[in-house]
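Okay, structure first, notes after.
The values are calculated or read from the model by the stated rules, or taken from the named source; none is laboratory data. Everything quoted here is computed from the prediction, not taken from an experiment. Virtual Cβ from ideal backbone geometry, glycine too; neighbours counted across all protein chains shown.
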Amino acid sequence: MKPIDRQLVQHHLSDLAGEALYIHLETTNGAYASHKDQSFFSAGAFIRNVQLTFLQGKITGKGPFRMGLETEQGWLYAEGLTDWEIDDEDRLLFAGHDSTGKLAIALEMGKKPFPK
Amino acid sequence: MEQHVLVILPHPDDEAFGVAGTILSHTQAGTPVSYVCLTLGEMGRNMGRPLIANRETLPDIRKNELHEACRLLGIEDLRRFGMRDKTVEFADQDALQSRLFDVIDEINPSLIITFYPGYAVHPDHDATGAAVIQAVRRLPEGDRPTVHAIAFAEGSEQALGEPDVVHDISPYYDQKMNVIEAHQSQTAGVIETMKQRMLEEDETVRQRMLIERFWTFPV
């Protein structure tokens, strides 16, 4: 992955508006967070291969970046995004890595389902 | 000496930290070791240092690391169950127990190594241990293999007593480090610190690396 170029990402994002997409969205603080620090409140979620079509999507911020996708019925929101790539299968992958390189958030969109 | 050892863990690299020395002691004595690994650690947070993986490439990278770790450990029988990281406790438990039972029934191990349910920190660890215990209990009482379980949750000793199986794996230290190092995407960046602390004779790290501890589970 490479650091997010906001303008370039916005260009690719706008191209996907109106397309039926499969989404992977995830936040995580790691399964060991509360083990290493008992006062740490561990929370996270992931959803994989939910289908979505957005009407308009934006990437904002100075980095780490935020992303909001407006759909007919609601919204998708993500923050803490630092890196991105378009992979071999033409999927748009975003991730947020902390200062030690650990993944904290992932947001991915593709026209075909991700492997289960 | 064991006849056949079966290791059942959910994530590639689970075998590296707490079990590698014990596995090496068996394979080098000529005892076959089979390894059932339930997932590919698809949801890991470590993506390598520098970054070498993303969420979608991580499974393949970890699969290769797992195969290399098995080669270093002398494990010739690796069975990947194809489950997804983080989901073991939510999967059909009866189906999982049946798959595990079938492997146990086929291999007929004298010893199984897995996690101690309820005392293994990660929900996948606890769920794996629990499913293994249920699978073993499908066997008639006299036919059940010994189960050595790994516990490392806070308060394990208070609840379970001291571990009754304690292996000093010093003779296999270098090889164990190589196994840990094979899981490059997960361990690059921490391995140098670990080696340094070993050289400085940091007692906590020495204990963690050189002593592998298990509780015999009452099956």
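Here are some residues: B:Glu212, B:Glu203. Which one is exposed (fewer than 13 other Cβ atoms within 10 Å of the Cβ) and either in contact with a Gly (Cβ under 8 Å, 6 or more places away or on another chain) or of a type outside the set (Gly, Ala, Ser) (or both)? Exactly one residue qualifies, and that residue is B:Glu203. A:Phe40 meets the conditions (1) among the aromatic types (Phe, Trp, Tyr); (2) free of Cβ contacts under 8 Å to residues at least 60 places away in the same chain; (3) part of a strand (DSSP E or B); (4) within 14 Å of another protein chain (Cβ to nearest Cβ) in every case but one. The failed one is (3).
Of the residues A:Gly101, A:Gly96, the single one that is more than 11 Å from A:His24 (Cβ to Cβ), surrounded by 13 or more Cβ atoms within 10 Å (Cβ to Cβ), within 14 Å of the chain's Cα centre (by Cα) and within 13 Å of chain B (Cβ to nearest Cβ) is A:Gly96. Number of residues in the range B:189-216 that are at pLDDT 90 or above and among the hydrophobic types (A, V, I, L, M, F, W, C): the value is 5. Taking the criterion of being more than 17 Å from A:Gly18 (Cβ to Cβ) and either among the aromatic types (Phe, Trp, Tyr) or part of a strand (DSSP E or B) (or both), the residues of the range A:51-66 that qualify are A:Ile59, A:Thr60, A:Phe65, A:Arg66.
When the range B:166-200 is filtered for residues that are within 22 Å of B:Ala149 (Cβ to Cβ) and loosely packed, with under 15 Cβ neighbours inside 10 Å, the ones remaining, listed by number, are B:Val166, B:Asp168. Taking the range B:49-69 as the range and being more than 22 Å from B:Asn178 (Cβ to Cβ) and of a type outside the set (A, V, I, L, M, F, W, C) as the test, the residues that pass are B:Asn54, B:Arg55, B:Glu56, B:Thr57, B:Pro59. Screening B:Ala127, B:Ala153 for residues that are touching a residue at least 12 places away in the same chain (Cβ under 8 Å), assigned to a helix (DSSP H, G or I) and either farther than 30 Å from A:Lys102 by Cα or in contact with a helix residue (DSSP H, G or I) (Cβ under 9 Å, 6 or more places away or on another chain) (or both) leaves exactly one candidate, B:Ala127. Scanning the range B:79-105 for residues that are buried (at least 18 other Cβ atoms within 10 Å of the Cβ), of a type in the set (A, V, I, L, M, F, W, C) and within 14 Å of chain A (Cβ to nearest Cβ) yields B:Phe81, B:Met83, B:Val88.
Among residues belonging to the range A:56-93 that are acidic (Asp, Glu) and within 13 Å of chain B (Cβ to nearest Cβ), point out the one that is farthest from B:Gln186 (Cα to Cα). Out of the qualifying residues, it is A:Asp90. The single condition from (1) closer than 20 Å to B:Thr187 by Cα; (2) within 18 Å of the chain's Cα centre (by Cα); (3) assigned to a loop (DSSP other than H, G, I, E, B); (4) not aromatic (Phe, Trp, Tyr) that B:Arg49 fails is (2).
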